[in-house]
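The values are calculated or read from the model by the stated rules, or taken from the named source; none is laboratory data. Since this is a predicted model, take the numbers as computed values, not measurements. Cβ placement follows ideal geometry from the backbone for every residue including glycine, while neighbour counts extend to all protein chains displayed. These accessible areas exclude ligands, DNA and RNA; they are computed on the full protein's heavy atoms, side chains included. Shrake-Rupley method; radii C 1.70, N 1.55, O 1.52, S 1.80 Å.
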Amino acid sequence: MLLAGRLQAGTHTYPIYSPSTGAHLADVPAATAADVHDAVTAGEAAAADWRLVAPAQRATLLRTIAAVLRTNRAELARLDAMDCGNPVTAMAGDVDQAAELLERTADWVADLGGSAPAADADHLHYVVREPFGVVGRIVPYNHPLMFAASKLAAPLLAGNAVVLKAPDQAPLSALRLGELLLDVVPPGLVSFLSGHGEEVGPALVGHPSIRRIAFTGSVATGQRVLQTAAAAGIKSVSLELGGKNPMVILPDADVEAASAGAIAGMNFHWTGGQSCGSTSRLLVHRSLVDEVVERAVAAARTIRVGDPLDPSTEMGTMVTPEHRDRVLGYVERGRLEGLRPALGGRAPDGERYRNGAFVAPTIFADVPPSSVLAREEIFGPVLAVTPFDDVAEAVAMVNSSVYGLTASIWTRDLSLAHRTVRQLQAGYVWVNTASRHFVGMPFGGVKDSGLGREESVEELHSFTQSKAVTVRL
């Protein structure tokens, strides 16, 4: 681990296995609460100097980290493909996205300035933005390298040190990134910790010197983060959590484009549906539902599922056999409700899939809104299609969920689209596209999907605290 400015093996390890073959990949450090404390202590010392560095110089560091990513693109992508089971081509794209976010965040350096409110002749008022000190970040397994790298950007530019907890299931690329950054970042400014979430997470969130925490993951774990943080003090917490995201295809939509969008929105080709922003609820006007299902099934059937390290693979595995079983458990619950998949619903056939955590692309048609397949986040390649009769019914279905991360609308009537967007309870809404992120657009959810926004100036500001100053002249 890159810990307190040095590469440290730690006192304990745990094994990592390939989700595509079951083979043992490595034994990685299992950080302890003592390791967390050492990382935070080193971070405090580094942050005391880093906050005094000119923001433009901090921006230079972000661009340097981006250059390191681009130089080591192939290796980092391969590590992620081995470790989390996503296709190597998709993981190369993740490296590119992380580098872009670092570079674009560096461009926002001018937005770190404060303000000077109007005053009378006897006073000067001004407001400055200051860093928290040491920030704790906990990232998930679906984009290990992209999150480990890009989540450094905003807190570092804001003047903070970062202690980052890599995902339990797929820590290899984060650990390698730590090696690559050893001589790039000032000692102690960044620490990458691997280990079990139940030990490292509470130690990081509950540490008295950490006042700013950012977590990406499940709703249940997000709730525990809030509880742990509240018990330890008054802390600033942002949460990017789950979603049961709807795609709404209205009767005047371009059916061919919308059907293709349903497949793209599910992120089959990127993470096998293991994405919080996947549009896993497909709400289709009843007049179009048969054609949309037919087109979506035909498109999903052609997805090449296979070895994540093969460049021709379009969809890899679930992150672990346990998660594969969880996903297939949802499929079985759907069957028990009397639903039958129009496609998939099992592991793919063939010897090459025998030892891996594979699940075939799965589509259920005619899923009632009350079904578990329409209500709960499965986090896998399972798409639930539900018909509706009018826009009001579709909006009611969208807003009935406890989640509110993303939504997508397909229609040729842009006036109707804008009116409908205003009614949807979601943090990010696409019109005639889905699941694409654009750096600078704030990403985050409402309701149980989280607190705060990322990938934008809003995220940068969230890693600062404002200080108001009044001077009597």
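Each row is one residue, and each column tells you yes or no for (1) free of Cβ contacts under 8 Å to residues at least 40 places away in the same chain; (2) loosely packed, with under 14 Cβ neighbours inside 10 Å; (3) hydrophobic (A, V, I, L, M, F, W, C).
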residue	(1), (2), (3)
Thr89	no, no, no
Ala92	yes, no, yes
Asp96	yes, no, no
Leu102	no, no, yes
Thr105	no, no, no
Trp108	no, no, yes
Ser115	yes, yes, no
Asp120	yes, yes, no
Tyr126	no, no, no
State whether the residues of region 268-281 include one that is open to solvent by 20 Å² or more (accessible area, probe 1.4 Å), in a helix (DSSP H, G or I) and over 19 Å from Thr362 (Cβ atoms). no
Give the number of residues within region 424-451 that are open to solvent by 40 Å² or more (accessible area, probe 1.4 Å) and not aliphatic (A, V, I, L, M). 9
Looking for something open to solvent by 30 Å² or more (accessible area, probe 1.4 Å), assigned to a loop (DSSP other than H, G, I, E, B) and at pLDDT 95 or above - is there at least one such residue anywhere in region 326-335? no
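Tally time: how many residues in region 169-192 are touching a residue at least 40 places away in the same chain (Cβ under 8 Å) and charged (D, E, K, R)?
Number of matching residues: 2.
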Pairs, first in contact (Cβ under 8 Å) with a residue 12 or more places away in the chain in region 277-297, second open to solvent by 20 Å² or more (accessible area, probe 1.4 Å) and acidic (Asp, Glu), C-beta under 8 Å, six or more apart: Ser280/Glu377; His285/Asp389; Arg286/Asp389; Val289/Asp366; Arg295/Glu256
For Ser370, work out the one condition from (1) more than 26 Å from Val319 (Cβ to Cβ); (2) surrounded by 17 or more Cβ atoms within 10 Å (Cβ to Cβ) it doesn't fulfil. (2)
Restricting to region 294-324, and then to whatever is over 18 Å from Ala170 (Cα atoms) and of a type in the set (D, E, K, R), can you tell me which residue is least open to solvent (accessible area, probe 1.4 Å)? Glu314
Being at positive phi and surrounded by 15 or more Cβ atoms within 10 Å (Cβ to Cβ) is the filter here; which residues of region 336-365 pass it? Gly344, Gly345
Conditions: (1) more than 27 Å from Pro144 (Cα to Cα); (2) open to solvent by 20 Å² or more (accessible area, probe 1.4 Å); (3) of a type in the set (A, V, I, L, M, F, W, C). Val237 meets all but one. Number of the miss? (1)
Go through region 298-321 and count every residue that is touching a residue at least 12 places away in the same chain (Cβ under 8 Å) and either assigned to a loop (DSSP other than H, G, I, E, B) or charged (D, E, K, R) (or both). 15
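Got a number for residues in region 391-423 being aliphatic (A, V, I, L, M), under 23 Å from Glu455 (Cα atoms) and either surrounded by fewer than 20 Cβ atoms within 10 Å (Cβ to Cβ) or without any contact (Cβ under 8 Å) to a residue 40 or more places away in the chain (or both)?
1
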With the requirement that a residue be open to solvent by 30 Å² or more (accessible area, probe 1.4 Å) and basic (Lys, Arg), what does region 206-234 give you? Arg211, Arg224
What is the number of the single condition among (1) touching a Ser or Thr at 6+ places or on another chain (Cβ under 8 Å); (2) in a strand (DSSP E or B); (3) closer than 19 Å to Ser191 by Cα that Pro140 does not meet? (2)
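Given Val205, Val284, Val248, Val292, which one is touching a strand residue (DSSP E or B) at 6+ places or on another chain (Cβ under 9 Å) and closer than 30 Å to Pro131 by Cα? First the steps, then the outcome.
Working: Val284 fails: closer than 30 Å to Pro131 by Cα; Val248 fails: closer than 30 Å to Pro131 by Cα; Val292 fails: closer than 30 Å to Pro131 by Cα.
Of Val205, Val284, Val248, Val292, the one residue that is touching a strand residue (DSSP E or B) at 6+ places or on another chain (Cβ under 9 Å) and closer than 30 Å to Pro131 by Cα is Val205.
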Could you check, for region 93-107, whether at least one of its residues is more than 19 Å from Glu199 (Cβ to Cβ), under 25 Å from the mean Cα position of the chain (by Cα) and of a type in the set (Val, Ile, Thr)? yes
Suppose we keep only residues that are among the hydrophobic types (A, V, I, L, M, F, W, C) and within 21 Å of the chain's Cα centre (by Cα) within region 230-263. Which one would you say is farthest from Ala434 (Cα to Cα)? Val237
Find the residue count for region 134-184, including only residues that are among the β-branched types (Val, Ile, Thr) and surrounded by fewer than 24 Cβ atoms within 10 Å (Cβ to Cβ). 1
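Confirm whether Met247 is open to solvent by less than 50 Å² (accessible area, probe 1.4 Å), hydrophobic (A, V, I, L, M, F, W, C) and within 30 Å of Leu25 (Cβ to Cβ). Give the steps one after another, and end with the answer.
Working: open to solvent by less than 50 Å² (accessible area, probe 1.4 Å): yes; hydrophobic (A, V, I, L, M, F, W, C): yes; within 30 Å of Leu25 (Cβ to Cβ): no.
It is false that Met247 is open to solvent by less than 50 Å² (accessible area, probe 1.4 Å), hydrophobic (A, V, I, L, M, F, W, C) and within 30 Å of Leu25 (Cβ to Cβ).
Look through Leu102, Leu112 and report the one residue that is under 30 Å from Asp80 (Cα atoms) and in contact with a helix residue (DSSP H, G or I) (Cβ under 6 Å, 6 or more places away or on another chain). Give the derivation first.
Values: Leu112 fails: under 30 Å from Asp80 (Cα atoms).
Exactly one residue qualifies, and that residue is Leu102.
Quick one: is Phe443 without any contact (Cβ under 8 Å) to a residue 60 or more places away in the chain and aromatic (Phe, Trp, Tyr)? Before the answer, list the steps.
On the way: without any contact (Cβ under 8 Å) to a residue 60 or more places away in the chain: no; aromatic (Phe, Trp, Tyr): yes.
So Phe443 fails the test.
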Log entry, pairs with first residue in region 12-38 being of a type in the set (Asp, Glu), second being assigned to a loop (DSSP other than H, G, I, E, B) and open to solvent by 20 Å² or more (accessible area, probe 1.4 Å), beta carbons closer than 6 Å, six or more apart or on different chains, reads Asp38/Ala4
